[in-house]
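Visitor: Let me give you the structure first, and then I'll get to my questions.
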Amino acid sequence: MPALISPSRPRTGITRLTGGLLVKNHQLIPADLWISSVTGKILHSQQVFYEHHAIPDETIDLQGKILCPGFIDVQFNGAFGFDFSTIPTDAEGGMATYEKGLRGLNRRLVRTGVTSYLPTLPSQRPEVYHQTLKHLGPSGGKRDAWEGSESLGAHCEGPFISPTKNGIHSLQVLQEAPNGFLDMEACYGAENLAPSKDEAGRRSTPVTMITAAPEVPGISSCIPSVTERGLRFAIGHTEATYEEASTAIAAGASMITHLFNAMRSLHHRHPGVFGVLGKAEGKERPYYGVISDGIHLHPTTVKIAWAAHPDGFILVTDAMKTVGLPDGVYDWTNGDRWVKKGAQLTREGSETIAGSSARLVECVSNFWTWSHASIPEVVRAVTETPAEMLGLKGVKGCLEAGADADLLVLDVREEADGRREVKVERVWKFGVLVHDARDETVEV
């Protein structure tokens, strides 16, 4: 129970979390953590207590539970009936309806433990990007915890991808780039790619990451233009050979989108994109996303991916709007329809996987079950590593003083059948408790 506060003492906005196991420095460490709802950041506890003599408003005993940074999902297409790529057709609401749906999604998403994410748009017509991206840029500038989960900028997954590795992406909207980066600007909108900052000096460029196939005509020449603007270039939906992928890494590509899915298969003489995890020529190995929903990849394949390069391993959902919805048939963009059966999502009339209906915490549980990795190793794949990939080391994904106070209390357990399960018990956003699974009165 939280400690009571004297009504005569001024509130400081400080909370002391004690009695928990902190995921820090790749270990589980029994220690206290002090956070501020005023600054939204993690505090240097000794400095606050001994130098400034600050007294916390409340002290919360975590009773041995695990305290970790909030989860980050860098490939997330929608959930709970909302899709980032779908523009409302109602004449009265228009993009106001879109914004309302986005706000509702953020409030529900944060309860699942995802405190930050990249809203992801698969291949679309240019007008879709022009209308939506302005609403999907970094959203944490106001540092309002009650807005829920925070966008870290959009992830444009396509349309500059291979037509033979398109997955569910509509062939009719795919593009090449004969004019180089000018074609990307025309597709996404130059204003959505240009470097920009808000009044506080925080990055505000709407787009954060672009997934493209480096072998598509004109794309390899775009990579330096993408990265010099502070954007991440990810290799995905591609027929790229090992040599082509290595060249892309050397040019500045730093991420692989959903490793193994929608790319050339690993062959013992032709390792393809997977081969760059061994060591790309002249460049450090890239980060890479893995979908551990139990459908996209075999458990052993996930273990192989992790073993190849643990420091670059990032769990993603590739979640669609069907997360949280009942089984059935659902319309999507470009005339496509999906069929949802449990966690499986396929294009109607085919066996083509159409993204995922899994929550990130479910992917975390699967990975822990299959790999038998330590809890800090598992948590790292959805916190520290994606934050580093995005250039947010020390800001997101860690429990260091000065980082944003986006925190989770996890309830972890190992079942008799060998299944390992992670549940999100409590969520803090910018130092404010916004979800408590034990108390329905605490909710965004």
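The values are calculated or read from the model by the stated rules, or taken from the named source; none is laboratory data. Just so we're clear, the structure is a prediction, and the values are computed from it rather than from any experiment. Here the Cβ is made from the backbone with ideal geometry for all residues, glycine too, and neighbour counts use every protein chain on show. Heads up: the accessible areas ignore ligands, DNA and RNA and are worked out on the full protein's heavy atoms, side chains in. Shrake-Rupley method; radii C 1.70, N 1.55, O 1.52, S 1.80 Å.
Visitor: Could you state how much accessible area residue 170 has, in square angstrom rounded to the nearest 10, with a 1.4 Å probe and all protein chains kept in place?
Guide: Rounded to the nearest 10, that gives 10 Å².
Visitor: Here's another thing I want to ask about it. Between the DSSP loop rule and a limit of at most 15 other Cβ atoms within 10 Å, which GluC sites (Glu not before Pro) in segment 145-251 are left?
Guide: Loop-located and lightly packed - 176, 199, 228.
Visitor: Please build a GNM for the chain, connecting alpha carbons under 10 Å apart, and tell me which residue among 409, 432, 329 fluctuates the most.
Guide: 329
Visitor: So, one more: Hey, rough spin-label estimate for residue 89 and residue 279, points 7 angstrom out along Cα→Cβ, what's it come to in nanometres?
Guide: Between residue 89 and residue 279, the simple spin-label model gives 5.5 nm.
Visitor: Pull up the cross-link candidates among the aspartates and glutamates for residue 423, meaning alpha carbon to alpha carbon under 17 Å and not fewer than 8 places away within one chain.
Guide: Correct list for residue 423: 73, 293, 362, 377, 406, 411, 414, 415, 436, 439, 440, 443.
Visitor: Quick one: check the C-alpha center-to-center distance for segment 226-256 versus segment 392-444, whole angstrom.
Guide: When both Cα centres are located, 33 Å separates them.
Visitor: Leaving out ligands, DNA and RNA, and with a 1.4 Å probe, what % of the accessible surface on segment 28-119 is carbon or sulfur?
Guide: Carbon and sulfur together cover 52 percent of it.
Visitor: Sticking with this one: Accessible area of segment 178-234 with a 1.4 Å probe: how many percent of it is carbon plus sulfur?
Guide: C and S atoms contribute 52 percent here.
Visitor: Would you mind getting the accessible area per residue of the chain, heavy atoms of the protein chains only, 1.4 Å probe, in Å²?
Guide: Heavy-atom accessible area per residue stands at 41 Å².
Visitor: I would also like to ask the following. Output the pairs from 134/321; 24/279; 134/396; 340/393 with a Cα-Cα distance over 26 Å in this structure; if there are none, say none.
Guide: 24/279; 340/393
Visitor: Would you mind telling me the share, in percent, of accessible area of segment 290-444 contributed by carbon and sulfur at probe 1.4 angstrom?
Guide: Of the solvent-accessible surface of segment 290-444, carbon and sulfur hold 47 percent.
Visitor: Separate question: Going by average Cβ neighbours within 10 Å, how do the peptides 345-355, 288-298 rank, with the highest at the top?
Guide: In decreasing order of mean packing, 345-355, 288-298 become 288-298, 345-355.
Visitor: Taking θ = phi - 60°, what integer Hz values does the Karplus form 6.51 cos²θ - 1.76 cosθ + 1.60 yield along segment 98-103, in sequence order, with x for Gly and Pro?
Guide: 4, 4, 5, x, 5, 4
Visitor: Rank by packing, highest mean first: peptides 412-425, 124-137, 74-87, 107-120, with packing defined as the count of other Cβ atoms within 10 Å averaged across residues.
Guide: 107-120, 74-87, 124-137, 412-425
Visitor: Here's another thing I want to ask about it. So, in Å, what gap is there between the alpha-carbon centers of segment 318-369 and segment 125-156?
Guide: 22
Visitor: With labels modelled as points extended 7 Å from the Cα through the Cβ direction, what inter-label distance (nm, one decimal) is found for residue 443 paired with residue 25?
Guide: For the pair residue 443/residue 25, the computed spacing is 4.0 nm.
Visitor: Taking a ≥ b ≥ c as the square roots of the Cα gyration tensor eigenvalues, with a/c under 1.5 meaning rounded and otherwise prolate when a/b beats b/c, else oblate, which class fits segment 375-444?
Guide: Taking the square roots of the gyration eigenvalues as a ≥ b ≥ c, segment 375-444 is oblate.
Visitor: Taking 0.36 nm per residue of separation and subtracting the Cα-Cα distance, what length does fully extending residue 266 through residue 348 add?
Guide: Extra length available between residue 266 and residue 348 comes to 26.7 nm.
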